[in-house]
Every structure is written in structure tokens, then in C-alpha cells.
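S.K.: Quick one: this structure, given as C-alpha cells, is what I'll be asking you about.
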Amino acid sequence: MRIRPTEAEDVEGISAMLTALTAAGKRTRPSDPDFVRATYVANPQLVASHVAEDDDGRIIGLQVVMRAGPDDPFGVPEGGGSIGTHVAPDAGRRGIGRALFARTRPMAEAAALKTLDASIADDNDDGLAYYEAIGFRTDRTGDGRIVKRMTLG
Ligand SMILES: CC(C)(COP(=O)(O)OP(=O)(O)OC[C@H]1O[C@@H](n2cnc3c(N)ncnc32)[C@H](O)[C@@H]1OP(=O)(O)O)[C@@H](O)C(=O)NCCC(=O)NCCS
């Protein structure tokens with residue numbers, strides 16, 4: 001397994017991984033290639049986007065950080081960022097999420113983001129445990145979501 005920056009050619013592989021997460025009941029947002037390209041690969045708000053690739057070249061993880069603009073719809077303060085993490089359902093609990101954040105965090109700091117917010121469904125035990133384990137703490141709750149935050153710097 002290796003972690004590397006996301007490339008334009010990864011769209012199909014990321015889409016396949018996210019579709020598998022949806023089929024496993026672990027994702028509700030879209031996973032089609034156009035959504036993946038616009039959100040995770042060629043999004044001007046991206047500060048970091050990395051994939052985890054297995055030895056056969058299959059995408060088994062994705063982590064992104066996006067810079068918040070003014071009046072962020074999810075309440076992320078200007079100057080802060082939001083983070084999203086996705087690991088293939090058959091590759092969980094092997095340290096891929098931790099390995100992704102080891103690459104992401106320095107890039108978020110280099111981009112001078114003050115905070116990182118992770119918005120997690122309040123019944124997503126895996127996501128809540130993961131972000132807690134890597135150092136995020138609950139900042140706010142509501143509408144079925146728990147937002148965990150890490151302060152950088
Ligand atoms: C949440 C997610 C990204 C975790 O990725 P992962 O590669 O399995 O995480 P890691 O193996 O690096 O785990 C790191 C730590 O997080 C915690 N953790 C992760 N998954 C856990 C689980 N299912 N139960 C309890 N703790 C868990 C543990 O403390 C773990 O450390 P340990 O294995 O040494 O005990 C993955 O489960 C996933 O993609 N889920 C679906 C999408 C999602 O929920 N994304 C996040 C919210 S939007």
C-alpha cells in the first residue's frame with residue numbers, strides 16, 4: 001500500500017471505492033465520476049487530496065482537505081478547512097486512515113489553515129472513533145451530525 005497525491009486518472013478508481021462504500025451502507029453522498037472529479041480531484045478549494053493505492057493499483061483510500069470560504073454552509077470558519085476520509089469497506093482498520101492523515105496534516109499546516117473540521121453522521125461509529133483517535137474533538141452537534149475539530153499551528 002502506498003499513499004500518493006490524487007491524479008486526474010484516479011477518478012474511476014475513487015468512484016468505484018465510494019460506490020462500494022455506498023453499497024456497504026457507509027456513504028450517502030454521490031459517488032459518480034463527475035461528482036468525484038468536481039469534489040475530490042479538480043476542486044479549486046482543495047488544499048490536499050491523497051489516495052491510498054494497494055499493490056495491484058486499486059484505490060483503497062481517499063482523504064481530502066478543502067479550504068472554507070466566507071459564509072461556509074457547514075459553519076466552517078473562514079481560514080479553516082474541512083476534511084473528508086474514505087477507506088474501502090474491505091480495507092478498514094489496517095491503518096490506512098492514519099497513514100492518510102500523516103500526509104494530509106503537514107499540507108493543511110503548510111496552507112496555514114487554522115482548524116480542520118470533520119462532519120460525521122452521529123450514528124457513524126467508525127468515523128467518530130477514527131477522528132477521535134487521530135486527535136479531533138467534538139466542536140458542535142446538530143441535524144444528525146457531529147462536527148469534530150482539530151486546531152492546527
Ligand atoms: C472512518 C474510516 C475512514 C477509518 O479508516 P481506517 O483506515 O479503518 O482507520 P485506521 O485503521 O487508520 O484506524 C485508526 C484508528 O481509528 C479508530 N477506529 C477506526 N475504525 C474504528 C472502528 N470501526 N471501531 C473503533 N475504532 C476505530 C481506532 O482507534 C484506530 O486505531 P487502532 O486500529 O490502532 O485501534 C473508515 O472506516 C471509513 O472510510 N468509513 C466510511 C466513511 C466514513 O465514515 N468516513 C468518515 C466520516 S465522513
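S.K.: Return the only residue of ARG67, ARG2 being open to solvent by 20 Å² or more (accessible area, probe 1.4 Å) and closer than 23 Å to VAL147 by Cα. Write out each step before concluding.
M.R.: Working: ARG2 fails: closer than 23 Å to VAL147 by Cα.
The unique qualifying residue is ARG67.
S.K.: Would you kindly identify the strands (runs of 3 or more DSSP E) lying entirely within the stretch 57-139 that contain at least 2 residues that are farther than 14 Å from VAL47 by Cα and near the ligand (Cβ under 7 Å from one of its atoms)? Break it down stepwise before answering.
M.R.: Values: elements: 59-67, 81-87, 115-121.
Those strands (runs of 3 or more DSSP E) span 81-87, 115-121.
S.K.: Quick one: which of ALA24, ALA20 is within 14 Å of the ligand (Cβ to nearest atom) and exposed (fewer than 14 other Cβ atoms within 10 Å of the Cβ)?
M.R.: Details: ALA20 fails: exposed (fewer than 14 other Cβ atoms within 10 Å of the Cβ).
Step by step, each of ALA24, ALA20 is checked, and only ALA24 is within 14 Å of the ligand (Cβ to nearest atom) and exposed (fewer than 14 other Cβ atoms within 10 Å of the Cβ).
S.K.: Next question. Restricting to the stretch 31-57, give me the number of residues that are open to solvent by less than 60 Å² (accessible area, probe 1.4 Å) and under 19 Å from THR85 (Cβ atoms). Talk me through it step by step, then tell me what you get.
M.R.: From the stretch 31-57, those open to solvent by less than 60 Å² (accessible area, probe 1.4 Å) are 31, 33, 35-36, 39-41, 43, 46-54, 57; that's our starting set.
Going one step further and asking which of them are under 19 Å from THR85 (Cβ atoms), we end up with 31, 35-36, 39-41, 43, 46-54.
Of the residues in the stretch 31-57, 16 are open to solvent by less than 60 Å² (accessible area, probe 1.4 Å) and under 19 Å from THR85 (Cβ atoms).
S.K.: Please count how many residues of the stretch 127-144 are over 19 Å from HIS50 (Cβ atoms) and in contact (Cβ under 8 Å) with a residue 12 or more places away in the chain.
M.R.: Residues of the stretch 127-144 over 19 Å from HIS50 (Cβ atoms): 128-129, 132, 137-144.
Pick out the ones that are also in contact (Cβ under 8 Å) with a residue 12 or more places away in the chain and you get 128, 132, 137, 139-141, 144.
Of the residues in that region, 7 qualify.
S.K.: Identify the residue in the stretch 103-127 that is over 13 Å from the mean Cα position of the chain (by Cα) and among the hydrophobic types (A, V, I, L, M, F, W, C) and, among all such residues, is least open to solvent (accessible area, probe 1.4 Å).
M.R.: LEU113
S.K.: Moving to a separate point now. Would you check if there is a residue in the stretch 7-15 being within 16 Å of the ligand (Cβ to nearest atom) and free of Cβ contacts under 8 Å to residues at least 24 places away in the same chain?
M.R.: Quick first cut of the stretch 7-15, residues within 16 Å of the ligand (Cβ to nearest atom) only: 13-15.
Restricting the remaining residues to those that are free of Cβ contacts under 8 Å to residues at least 24 places away in the same chain gives 15.
There is at least one residue in the stretch 7-15 that is within 16 Å of the ligand (Cβ to nearest atom) and free of Cβ contacts under 8 Å to residues at least 24 places away in the same chain.
S.K.: What are the pairs, 6+ residues apart or on separate chains, where a residue within the stretch 88-116 that is closer than 16 Å to TYR131 by Cβ has its Cβ under 6 Å from a residue that is open to solvent by 70 Å² or more (accessible area, probe 1.4 Å) and more than 8 Å from the ligand (Cβ to nearest atom)?
M.R.: Final answer for the pair search is THR115/THR151.
S.K.: Sticking with this one: Do the conditions hold for ASP56, that is, is it more than 27 Å from ARG137 (Cβ to Cβ) and in contact with a helix residue (DSSP H, G or I) (Cβ under 9 Å, 6 or more places away or on another chain)? So that I can check it myself, show each step before the final result.
M.R.: Working: more than 27 Å from ARG137 (Cβ to Cβ): yes; in contact with a helix residue (DSSP H, G or I) (Cβ under 9 Å, 6 or more places away or on another chain): no.
Against the criterion (more than 27 Å from ARG137 (Cβ to Cβ) and in contact with a helix residue (DSSP H, G or I) (Cβ under 9 Å, 6 or more places away or on another chain)), ASP56 does not qualify.
The values are calculated or read from the model by the stated rules, or taken from the named source; none is laboratory data. The structure presented is a predicted model; accordingly, all values stated were derived computationally and were not measured. Ideal geometry is used to build each Cβ from the backbone, glycine not excepted, and the neighbour counts take in all protein chains shown. Note: accessible area is taken over every heavy atom of the protein model, side chains too, but ligands, DNA and RNA are not part of it. Shrake-Rupley method; radii C 1.70, N 1.55, O 1.52, S 1.80 Å.
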